[in-house]
């Protein structure tokens, strides 16, 4: 089917995203035009949630919110569920791998999107949660009134789709799906004409290599906030995120938070950040004093630091002596330093049992005030 570009462009300007996905399946002409166009989808937020047998995608734009769920279904099929303000539909994509189906449909948007996204989030969970899918009751009734649909028996009056999918997918693990997801995401980002621009990004990853794989195709100059978290709640300091300092323009990230992974790079490599939360191998008295000096000299730039450490090279008594007067409560010592002619007070907190330092501002009454220290 051949149509003038002007006609196809007019069609594209007057349909929603779900219709665009349908048009891609009509014929090669539509598919090629959609994939090659520079259509502005006006996206502001994209969130991926990766599970062993499901990938959920939530996209927010000026035209509304859309949710897509791609579920592994027996026989190498994919069960896709779509929700919008006016749509709640499920269909079976026969012969399609559920991860590949994600990038076949969402990949076209990631490939051509030009404007900076307000937020890109990638969550991960090592167990499936099919309760996220809100199946339409009318569709369920239609399926239950049929003898066999997708292998479901209508005689089971107490049929529960979540239990059915959970039983079908109970033996699958997260890592193979996450491996394939990040391979697909890297492929799409690599195919772009320009780096993907973001303002904020948060990613739960099993290993640092997942983020490091896609980072070269993201414009780090545009990122104001970056949070990298380990997928599980159990920290693994043996996995190091040191290579983040080797990325182009990583120094432009203003607010950096790395949770659940260790860092052996000297802490001074990170002290150009306005906000910072990391776990490092070693911290010294010199490091603490340098951070203190930075905060006191540039109170309008620095916001907050939380630094967990494995080893403190300075004796605790020496630390107390140099930092001055402190208050002591709940296994945490606190020092306060008022900024002259402002209502700001720098608070340094230290817990030797939990091994962390925090540097924050108190803009109310000072919690404690130390003696003056020459810098």
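Bear in mind these aren't lab numbers, they're just calculated from the coordinates by the rules spelled out. Values in this document were obtained by computation on a predicted structure and should not be read as measured data. Heads up, the Cβs are rebuilt from the backbone with ideal geometry, glycines too, and the neighbour counts pull from every protein chain shown.
Distance from the Cα centre of the range 98-120 to that of the range 333-351, in angstrom?
Taking the Cα centre of each part, the range 98-120 and the range 333-351 sit 45 Å apart.
Please work out the FRET efficiency for the pair residue 297 and residue 352, using the Cβ-Cβ distance as r and a Förster radius of 25 Å; give the result to the nearest 0.05. Each step should come with its number before you reach the end.
Values: r = 27 Å, r/R0 = 1.08.
Efficiency computed from Cβ-Cβ geometry: 0.40.
Can you put 65, 239, 189 in order of Cβ neighbours within 10 angstrom, beginning with the fewest?
Values: 65 12, 239 15, 189 19.
So the ranking, lowest neighbour count to highest, is 65, 239, 189.
Calculate, for residue 92 and residue 268, the FRET efficiency according to 1/(1 + (r/R0)^6) with r their C-beta to C-beta distance and R0 56 Å; round to the nearest 0.05. Present the calculation step by step, with values, prior to reporting the outcome.
Details: r = 56 Å, r/R0 = 0.99.
The value I calculate is 0.50.
Sort 194, 56 so the one with the fewest other Cβ atoms within 10 Å of its own Cβ comes first. Display every interim value, and only then the final one.
Values: 194 8, 56 20.
Fewest-to-most ranking of 194, 56: 194, 56.
If we count other beta carbons within 10 Å of each Cβ, what is the order of 59, 285, 201, fewest first? List each step's numbers first, then the result.
Numbers: 59 21, 285 15, 201 24.
Sorted ascending by nearby Cβ count, the order is 285, 59, 201.
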